[in-house]
Amino acid sequence: GMNHLIMANIDNESQKPQIKEWLKKSHSTARYLLSLVNDILDMSKLQAGKVDLIREPLLVDALVDEVAAMQTDNIKSRGVEFIVEKEIVEPCIMGDATRIKQILMNIVGNAAKFTPKGKYIRFSVRQERIGDEHVDTIYQCEDTGIGMSREYLGQIFDTFSQEQDRNTQNVKGTGLGMAISRLLTDAMGGDIAVESELDVGSTFTVRIPSAIVKEIPEHLKETPQDKGSPSTAPPAAHADGSPIRILVAEDVELNAEILMEILEMEGFEAVHAANGQEALEIFEDSEPYAFDIVMMDMEMPVMDGCTAARKIRALDRADAGSVTIYACTANTFQEDRTLALESGMDDFLTKPIDIDMLLKKLESSARKTER
């Protein structure tokens, strides 16, 4: 409906402010629809036992900071105070950072929705050692919001569950966030609990057991200070002012058009390849270090992304082993991740691509490939 209104009024200059408002609402609705689809897919995979957790070293402090950073604007824009507290005894543990963040984003995001202006949300983490090798990490989110009835507390972790009353009727939600959080917590061998009182607030507590990592991996030790003084060059350019060049391997024409427009709008220089074979040929025919980053769709005709990545890595040229390659895929199963990494790719960009996350990753990768 919003898109219909926009198309009908696109040439009407007097409607420009209204068109901007319709675009904002259309974008918001699209994100809501996407969250619903993602939540339903997650529930299906979890209930079928098809979600493989990725257990790798993670820094608890950084994980909490990332969740807080993603929620700060959302909370403070509502006139709510946001307090973050940390009591960490084991900085590095084994776990699935993505899934833990998903749980915490659900909980802190819910607190933001149901906490009125002038109140506060306290997001905290603490740890309890379990012997010499393991630790329980306890994440807690306390809010002074509208709270929940005693009757609803018994079904909060049910699928498609959301309390219906005058305080919640204007709040959108899929009704799956808490059910997914419970299933993920269970899969990690942990537990999630909630205490709440109407018109007083709610407290969610997530406890996840983990193995302690004694030696922090080098890649986790990097900090902004370690990388030297920040560059004065724009984010999409090298320090010498030359543009960051990206090879985009994408077979779906609409996806390619959107990506190319966004990248060029942000100041990157992008080259399109319609399949893996074409991406390989473009890279092979280019001068060494002509491309800083390759965005490689995993499923393409003629040659798939994993095969193309392996062939790029095998080329006899100086930049074959160092160019950053991102796997672009809607498949986030462990076997897909393993396949991409084994083929020589560096990281993932999950489809549908989050544009803000895409730009942050590209800028971070570009800083590592300074000429």
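Values computed for the structure shown
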| item | result |
| --- | --- |
| Cα long-axis angle, helix 60-76 against the chain (0 to 90 degrees, to the nearest 10) | 80 |
| Charge dipole (the chain, unit charges on Cβ, about Cα centre) - positive-most of 175, 77, 145 | 145 |
| Per-selection Rg to Rh, segment 89-155 - Cα, Kirkwood hydrodynamic radius | 1.06 |
| Helix 16-47 axis, angle to the chain major axis (alpha carbon atoms, nearest 10°) | 80 |
| Gain upon complete extension [residue 81, residue 341; 0.36 nm per residue less C-alpha separation] | 89.5 nm |
| Label-point gap, in nm, between residue 94 and residue 262 - each point 7 angstrom along Cα→Cβ | 3.5 |
| Mean residue ellipticity (222 nm) of the chain, computed from DSSP H runs ≥ 4 via -39,500 (n - 2.57), nearest 500 | -12500 deg cm²/dmol |
| Residue (of 19, 35, 60) at the positive-pole extreme of segment 18-60, dipole from beta-carbon charges | 19 |
| Unit charges at the beta carbon, dipole of the chain: most positive-side option, 348, 120, 135 | 120 |
| Rough spin-label spacing in nm, given labels placed 7 Å along Cα→Cβ, for residue 52 and residue 218 | 2.7 |
| Share of Cα-Cα pairs in segment 266-323 lying beyond 12 Å, as whole percent | 63 |
| Mean accessible surface per residue for the chain, computed with a 1.4 Å probe while every protein chain stays in place, in Å² | 54 |
| R0 of 35 Å, Cβ-Cβ distance residue 198-residue 72: FRET efficiency to nearest 0.05 | 0.80 |
| With 20 Å bins from 0: P(r) over the chain, alpha-carbon pairs, percent | 24, 54, 22, 1 |
| Rounded if a/c under 1.5, otherwise prolate or oblate - segment 1-87, Cα gyration tensor axes | oblate |
| Entries in 86/214; 101/360; 113/351; 25/361; 24/351; 101/361 that, when Cα-Cα distance is taken, lie over 24 Å | 113/351; 25/361 |
| Global form of segment 28-146, assessed from the alpha-carbon gyration tensor, a/c cut-off 1.5 | oblate |
| Share antiparallel - DSSP beta bridges, the chain, percent rounded to 5 | 55 |
| Charge dipole (debye, nearest 20) of segment 253-371; +1 at Cβ of Lys and Arg, -1 at Cβ of Asp and Glu | 480 |
| Length gained when the stretch residue 315-residue 285 is fully extended (0.36 nm per residue, less Cα-Cα span) | 9.7 nm |
| Pairwise label distance in nanometres, residue 11 with residue 356, each label 7 Å out on the Cα-Cβ vector | 3.6 |
| Most fluctuating residue given options 77, 343, 202, as computed from a GNM of the chain linking Cα atoms under 10 Å | 77 |
| Kirkwood estimate for segment 1-51, i.e. one over the average of 1/r between Cα atoms, Å | 12.9 |
| In degrees, nearest ten, helix 355-368 long axis to first principal axis of the chain (Cα) | 50 |
| Potential lengthening between residue 211 and residue 150 on full extension [0.36 nm per residue; Cα-Cα distance subtracted] | 18.4 nm |
| Cα-centred dipole magnitude for the chain, charges only on beta-carbon of K, R (+1) and D, E (-1), debye, nearest 20 | 1160 |
| The chain - percent of accessible surface contributed by carbon and sulfur, probe 1.4 Å | 50 |
| For segment 123-129, Karplus couplings with θ = phi - 60° (6.51, -1.76, 1.60), whole Hz, Gly/Pro x | 10, 9, 9, 8, 9, 10, 5 |
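The values are calculated or read from the model by the stated rules, or taken from the named source; none is laboratory data. Note that the structure is predicted; figures quoted are calculated from it, not measured. So basically every Cβ, Gly included, is an ideal-geometry build from the backbone, and we count neighbours across all protein chains shown. Ligands, DNA and RNA are excluded from the accessible area calculation, which covers all protein heavy atoms including side chains. Shrake-Rupley method; radii C 1.70, N 1.55, O 1.52, S 1.80 Å.
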